[in-house]
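A short worksheet on the structure shown next.
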Amino acid sequence: MNLLIVDDDLIILEAMKNFLEKEGLEVTTTADADEGLKILQDGNKAIDLVISDIMMPYKSGIELLAEIQEITTEIPIIIVSALDRREVLEVAFTLGAEDFVKKPINMDELIIRVNKALMKVAQQNT
Amino acid sequence: MNNSEVIKILLVEDEWAHAKLVEVFLAGTTQLEVDITHVLSLKECLETLNKGSYDVVLLDLNLGDSKGINTLENLFENSPNASVVLLTGNDDERVGITAIQKGAQDFLNKNHLDTATLTKAVLYAHQRKKLQTDLAYSNQKLKEAQQLAKLGNYQIDIDNREIFWSDQLYKLLGLSTTSKASYRSYLRTIIHTDRSRVIQQIKTALKNIGEFNIEHKIKIKDKTYYVRNAGKTYFDKISKSTKMVGTLQDITEYKEAENKIEENRKRYEVIFNDSEEAIYVSTFDGKLKDRNAAFLKLVGCTEEELISLENAVNHFYVNNEDRETFKRTIKESGAVKNYPIQLKKYAPHGKATQDDIIDCEISANLWKGPDGQILGYQGLIRDITDQRRMEALQHAAEVAEKAAKIKNEFLANMSHEIRTPMNVVVGMIELLENTQLAEKQKDYLSSMKISSENLLVIINAILDFSKIEQGKLFLEKAPFDLHKLFEDLFQTFIYKAKQKNISLFKQLDANLPNIVIGDVTRLNQILVNLVSNALKYTNEGEINLKVKVLEESDKTVNIQFAVEDSGIGIPKEKQPEIFESFTQASDDTTRLYGGTGLGLAIAKRLVDLMEGEISVKSEFGKGSTFIFNAIFTKEVANAQKNDSSIKEKINTEIIPNFDTNTEIQILLVEDHEMNQVVVSDLLKREFENIKIDLAENGKIAVDKVKENFYHLILMDINMPVMGGLEATRAIRQLLPSPKNNIPIFALTAHAFSTEVQNCKNAGMNEFVSKPIKIKDLKSKIIKTLNQVMPKKTELSQSVVSSNGEYLNGNTTKTNGRKIMNDMQNGTMQNGHESVIDLESLRQLSGNDDSTLKTYISLLLKNTPDELKKLEEDTQNKDWEELSKIAHKLKGTVGYMGIKQIEETIRTVENNSARKLQLEEIPLQVEEVVKYCNLGLKELEKIKI
């Protein structure tokens, strides 16, 4: 399974990668939302799940989410943010986010949610 | 009837043959179209009726489950509105009559049925039912209408003594519909004040042909209603009244509205008549239709005179064109508000003079008739002549005030401008005195010194005075020793007094407290002024200072000061003036004795500020006594104990406790070259081991602070390129710690308290006013250096010396606020206490040291840039960007585990995003930067 993580916080980006890789997942990371979008568009790597921060400079996670949905609605997106304001989450879920993980991230929780989302993808494919 | 209408018939008949027959007969008609449902029993009949609606029920009374008239009764019980035609046999034909009484429409003998009879019966039954329904409907409507109109009707049959009341009438009278309608119960509801009148009117109505209309009040359950009884009496041929019909209507709402209108009318009449403002109604050709008393007053004309004028309104306009424009405006826009126009008073003989012209504002709207036709206009005139005059006066007053302000500002600026070069002069003289001089040169220099000092005194007086006039002078409140004040005062004058051979005495009240709280500088200023005046105008004899307690309470003490001399005195007529500014006893005095004439004026104002009064007693040629009192706050109860310590505080000279072998490094920021020399030389004389670096303006200063290390900055305020306040803010906000903590002293000739506040707000630590009193500057420098320089005795314990850290030996607990305060005082904790906590970062690394190391190096690499951006955005007030970078730093702070600022950085993020409490952000950012830098230093040292 291939995951794409987008977060401008390099430490948490690295930490998520480390933890998820230990779960046997293949992880691609970027701190730049546009680059993340490019990876998805190129299609060189089949991405099964996207994890994205909401508060990022230049392009917010919400914008990224919207743009991903324009390319494909197949890939589930998990939103990660310290922002747990209802209205932001509502927008995210309206735009098709799959799930939400609050920062500071509890890695165990993240893994559970990622697995749950991946399971759903697997079910849809069969 | 409409042919297309289908009549739904329910046929209830237990004999098939009969039923079939009915169907056949009905099928034979062309007059109507029927839809027949046939049932065999009453039970079925009732069920069917409950399920659907039928226009006519053809009912056989003798069914299997019900016999006789009971069948009909049961049916009606179930469906009271059914339209029933009975089918009877020969034997029970008489039952038909009973059935009709019970509500059946008709009855038919089954044995004599034919198409025509059946058709007719069904049609009639159907139509009758319809009529009955319609009647019930219109009765219902009538009832509803009566309810809505709150109107009940009645009918009295006089011969038969029968009375009918509609339900609504009962309701109106508050009576139950089951009670008996009677004339008496009607009369009972009428309130007693109306009752006899109503009885009388009804009696009259009974006698007269035609309609009557009686309004009266009724009272029902303590509530009063207005009703109108309108009706008509009918008579028979012999003129005897037979019948009375009528309605009773509740007209309470209408009456109340009417009363209100009347009330309003009366109220407006009062307003109209008593109004101060002229109100009038006029036609467009100028006929005055109505006006109040104020109108007469406004135009200054009697009622008779007004009546005598044709098209009266036209007479009161100054310009006829104005009136035309005014009229056009009203016609076009329907109304005008505060329309400015000039009217004139009634001038029967000759032309109106300027005094007769009234400046007015008219508010008016169109006067329309009931059909909307325009009849004229109604207006309200406001006389604004006085207001106009007031405005003019006010304007004049404002101009005068502004002029006074400009004068004061001019004086202040002027004195300031003079004071700056004078600083140089005085400073240079001081320096010159310390060089090798010939005797003659020393004399000249001494004269120069006296003159320049005098000049400074005058300038200061002018500055003081303008400050007081602008309300910018505020009194200090600090404890001081009264006795010491008097001693110092006499010390000042003893030399001069000896020279003039005048004796100085003081008489102090035994009850005089030692320490009081007040403004010692200003009190001293008053006393110096009075004593020096006394000395100035006394040529022989003595000067006596008398001080006594006038009044004492728990908290305050009112002290009287008197300065008595045996001098030339002041003539009686001049005495009231001497406390005015620029006034002396005579112009000659000025020439003879010099002075600005401001001294006493300032003294008086200072005494005012001290809640006291100043006065003079004098006899020309025999000396003067100046007396003033002032109210001071008393020291708190334990003051006596602390007495010595306060004295100590007042007297003790501050001694350096730092290692004087360490070179003091000072940056002097000053654009004035002369001042640079003066201040440098003064400092070099006081401190042996001092290195003074110079910067000509704030910008150079900031650069130099970036490059070099200084213990202290002395900063001028007004400089080209970048002023002192701006430079201080730059140092405090833009430079990294610990450079941003360098103590900064303001050097300025502006001695206003607002200026002091500005300096403090910018982040300066001390304020030194020019001309520089070296003693003052020295003690302030030592006080500060005592905190930031390595200590004499503690040198070995001290962590850092001249490498740029402001540290001392104290261990401070890491409390955010405390550290802030300490830092502002120029001290900082020594680093033993750790601010960072890497637990969460360690967890993120999955307890993997090499990963943790990667994280730490990421933090070390990125955080300084983040901090820099945080500060820049703060400086640029770019709140949007600031909120973004603060968000990022929130993460960084979290990773470093700096608990003390987690809340602060969150606040910065939230408040900058929402633009709330922005004024607090710079300080919060400062705190964050400080802690982050501390954290980064700790991170650097971590070995994994």
Checklist entry - Which distance in nm do the two modelled labels at A:Glu63 and B:Glu707 give, with both placed 7 Å along the Cα-to-Cβ direction? => result 4.2
Checklist outcome for this item: Averaged over the residues of B:888-896, the number of partner chain Cβ atoms within 10 Å of each residue's own Cβ comes to 4
Next on the checklist: Quick check on my link table: of B:Lys775/B:Lys930; B:Lys260/B:Lys331; B:Lys289/B:Lys368; A:Lys102/B:Lys869; A:Lys17/A:Lys103; B:Lys102/B:Lys243, which ones sit more than 24 Å apart, alpha carbon to alpha carbon?
Outcome noted: B:Lys775/B:Lys930; B:Lys260/B:Lys331; A:Lys102/B:Lys869; B:Lys102/B:Lys243
Checklist entry - Considering chain A as a Gaussian network with a 10 Å cut-off on Cα pairs, which listed residue, A:Gly36, A:Gly24, A:Gly96, attains the greatest mean-square fluctuation? => result A:Gly24
Checklist entry - Where is the GNM fluctuation largest for chain A (alpha-carbon springs, 10 angstrom cutoff): A:Ala33, A:Ala97, A:Ala66? => result A:Ala66
Checklist entry - Within 10 Å of each Cβ of A:8-16, how many other protein chain Cβ atoms are there on average? => result 6
Checklist outcome for this item: The helix B:774-788 Cα axis meets the longest alpha-carbon principal axis of chain B at an angle in degrees, between 0 and 90 and rounded to 10, of 70
Next on the checklist: Under the rule a/c < 1.5 gives rounded, and otherwise a/b versus b/c splits prolate from oblate, where does region B:542-582 land using the Cα gyration tensor?
Outcome noted: oblate
Checklist entry - When Lys and Arg each count +1 and Asp and Glu each count -1, what net charge do the other residues less than 11 Å away from A:Ile105, Cβ to Cβ, add up to? => result -2
Checklist entry - So, by mean Cβ neighbours within 10 angstrom, what's the order for B:154-165, B:311-322 with the highest one leading? => result B:311-322, B:154-165
Checklist entry - How much length, in nm to one decimal, is gained on full extension between B:Lys622 and B:Ser446, taken as 0.36 nm per residue of separation minus their Cα-Cα distance? => result 59.9 nm
Checklist entry - For B:Val531, B:Val616, what's the fewest-to-most ordering of other Cβ within 10 Å of each Cβ? => result B:Val616, B:Val531
Checklist entry - Between region B:140-161 and region B:486-512, what's the alpha-carbon centroid distance in Å? => result 112
Item to check | Residues B:Asn160 and B:Lys130, FRET efficiency given R0 of 45 Å [Cβ-Cβ distance, rounded to 0.05] | outcome: 0.85
Item to check | Gain in span if fully extended, B:Asp274 to B:Lys472, counting 0.36 nm per residue against the direct Cα distance | outcome: 66.3 nm
Checklist entry - For B:Asp681 and B:Ile631, what is the calculated FRET efficiency with R₀ set at 41 Å and r taken between the beta-carbons, to the nearest 0.05? => result 0.40
Next on the checklist: On the principal axes of its Cα set, how long, how wide and how thick is chain B? Give whole Å, largest value first.
Outcome noted: 167, 109, 62
Checklist entry - About its Cα centre, what dipole magnitude does the protein assembly as shown give when the only charges are +1 on Lys and Arg Cβ and -1 on Asp and Glu Cβ, stated in debye to the nearest 20? => result 3540
Next on the checklist: Can you tell me how the protein assembly as shown classifies by the Cα gyration tensor, rounded, prolate or oblate, using a/c under 1.5 as the rounded cut?
Outcome noted: oblate
Item to check | Rounded to 10°, Cα long-axis angle of helix B:921-941 versus longest principal axis of chain B | outcome: 70
Item to check | Gyration tensor verdict on region B:6-141 (Cα atoms; rounded if a/c is under 1.5, prolate if a/b is larger than b/c, oblate otherwise) | outcome: rounded
Item to check | Restraint check, B:Lys899/B:Lys937; B:Lys143/B:Lys171; B:Lys868/B:Lys890; B:Lys704/B:Lys861; B:Lys180/B:Lys219, Cα-Cα greater than 22 Å | outcome: B:Lys704/B:Lys861
Checklist outcome for this item: Counting Lys and Arg as +1 and Asp and Glu as -1 over every other residue whose Cβ sits under 9 Å from the Cβ of B:Glu277, the net charge comes to -1
Next on the checklist: What is the angle, in °, between the Cα long axis of helix B:115-149 and the longest principal axis of the Cα atoms in chain B? Nearest 10 is fine, range 0 to 90.
Outcome noted: 40
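Any read-out appearing in this document is the output of simple, stated calculations on the displayed coordinates, not a laboratory observation. Fair warning: this is a prediction, and the values are worked out from it, not measured in the lab. Backbone-built Cβ (ideal geometry, glycine too); neighbour counts: all protein chains shown.
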